[in-house]
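The values are calculated or read from the model by the stated rules, or taken from the named source; none is laboratory data. Bear in mind the structure is a predicted one, so any value in this text is a computation, not a measurement. Please note: Cβ atoms are built from the backbone with ideal geometry, for glycine as well, and neighbour counts cover all protein chains shown. The accessibility values were calculated without ligands, DNA or RNA, using every heavy atom of the protein model including side chains. Shrake-Rupley method; radii C 1.70, N 1.55, O 1.52, S 1.80 Å.
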Amino acid sequence: MNPKTLGYTTMIISATLMGCVGLFARNINTSGDVIAFTRMLVGAICILAIMLYQGKGQQIKNVKLTPAVITSGMCLGLCLAAYVSATQYTTLANAVFLIYTGPVFSTILAAIFLKEKISALTASMLTAVFIGCLFIIGIISYHPQTGLTLSLSFSKENMVGDILGLLSGIGYGLYLFFSRYRTDIGSDSRSLFNFSFGAIAIAICFMVNPPSLTAMDSTSWIWLISMGFFIGFGALSLLTIAAKHLKAAELACISYLETVVGAGLGILVFSESLTTLQAIGGVLVIGGGMGEIVINIIKKRALSHKPQSHNPHPQS
């Protein structure tokens, strides 16, 4: 499997797993920050155990920690903590929309500092998934009386939550951006440090808002631990691998698949419904996220089947 295919595959699986957050969270009787912390902590424990079993303990010691390594993990942890806090002070739609500004921030930062070029195709796909996300979460809605409306607003009541939501988007974007540095570090080691520093960042947030586990029963604990393994260890490890092989804009496009997966689970598992605009948004997200991959595959196949010209009389 070539690096690009590996990057696309791992990112798609990661986004799909991340889209299952709601399925797990609705079966856990605790606050969101505890869930976020568990995702990081279980991920760190699992990857550490695997590396020690494989005899890679020295590999961990040999990794030189740099600001980029530490910052990427911290940004991921703070991103999740800020997002959870945002949902407590503003509408869920505002919080989700603002955290999904992260890939946009990442793309802009990569273009400025990493000199990554954004092709017209990538830009159009990123625009499609961005608009699709707005449709799905209801930021852009339609009413017969008023027509299309934009519902995002920094009102006095939601100002604190909206600011926290914006910070979560910036944190997510910085995580994606800093993940592009230090590609010399192995994926497993990078995952370990991301999980560890992410957990530390969320633990710091506990000092401000101490969590409560009084409502947790045995079923909740099973769901919580399972979520930490599949969505913490699984999804975030795959995201780390993808970040080494894909450009920031490519990561940005595919990451929006998470929104479609979440909406689909809501319909299939919880009997939730989608408006026409939300359905259109889902098509835009899928088309935008997968469009560049499909087009690139078609181009590669066309080139591989293109007959090569031969000159039977080369010049001497």
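Things worth noting here:
- As a summary of the residue check, Ser218 satisfies the conditions (1) open to solvent by less than 50 Å² (accessible area, probe 1.4 Å); (2) modelled with pLDDT of 75 or more; (3) small (Gly, Ala, Ser) except for the one numbered (1).
- Scanning the range 124-162 for residues that are small (Gly, Ala, Ser), open to solvent by 40 Å² or more (accessible area, probe 1.4 Å) and modelled with pLDDT of 80 or more turns up just one, Ser124.
- Residue check for Pro103: under 17 Å from the mean Cα position of the chain (by Cα) and at pLDDT below 80: yes
- Residues of the range 107-116 that are assigned to a loop (DSSP other than H, G, I, E, B) and either surrounded by 16 or more Cβ atoms within 10 Å (Cβ to Cβ) or free of Cβ contacts under 8 Å to residues at least 12 places away in the same chain (or both): Lys115, Glu116.
- The range 1-16: number of residues that are surrounded by fewer than 19 Cβ atoms within 10 Å (Cβ to Cβ) and either β-branched (Val, Ile, Thr) or part of a helix (DSSP H, G or I) (or both): 8
- Complete set of residues in the range 117-127 that are more than 17 Å from the chain's Cα centre (by Cα) and hydrophobic (A, V, I, L, M, F, W, C): Ile118, Ala120, Leu121, Ala123
- Verdict on Arg190 being among the charged types (D, E, K, R), open to solvent by 20 Å² or more (accessible area, probe 1.4 Å) and at pLDDT below 85: no
- Filter pass, Gln59 being polar (S, T, N, Q) and modelled with pLDDT under 85: no
Residues checked against (1) of a type in the set (Phe, Trp, Tyr); (2) surrounded by 24 or more Cβ atoms within 10 Å (Cβ to Cβ); (3) in contact (Cβ under 8 Å) with a residue 24 or more places away in the chain; (4) assigned to a helix (DSSP H, G or I):
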site	(1), (2), (3), (4)
Asp184	no, no, no, no
Asn194	no, yes, yes, yes
Phe206	yes, no, yes, yes
Pro210	no, no, no, no
Ile222	no, no, no, yes
Gly232	no, yes, yes, yes
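- For the range 117-133, the criterion of being in contact with a strand residue (DSSP E or B) (Cβ under 9 Å, 6 or more places away or on another chain) and either touching a residue at least 60 places away in the same chain (Cβ under 8 Å) or among the aliphatic types (A, V, I, L, M) (or both) is met by at least one residue.
- Per-region count, the range 17-69, residues more than 21 Å from the chain's Cα centre (by Cα), surrounded by 20 or more Cβ atoms within 10 Å (Cβ to Cβ) and either among the small types (Gly, Ala, Ser) or at positive phi (or both): 0
- Of the residues making up the range 235-254, not a single one is closer than 30 Å to Val129 by Cα and surrounded by fewer than 18 Cβ atoms within 10 Å (Cβ to Cβ).
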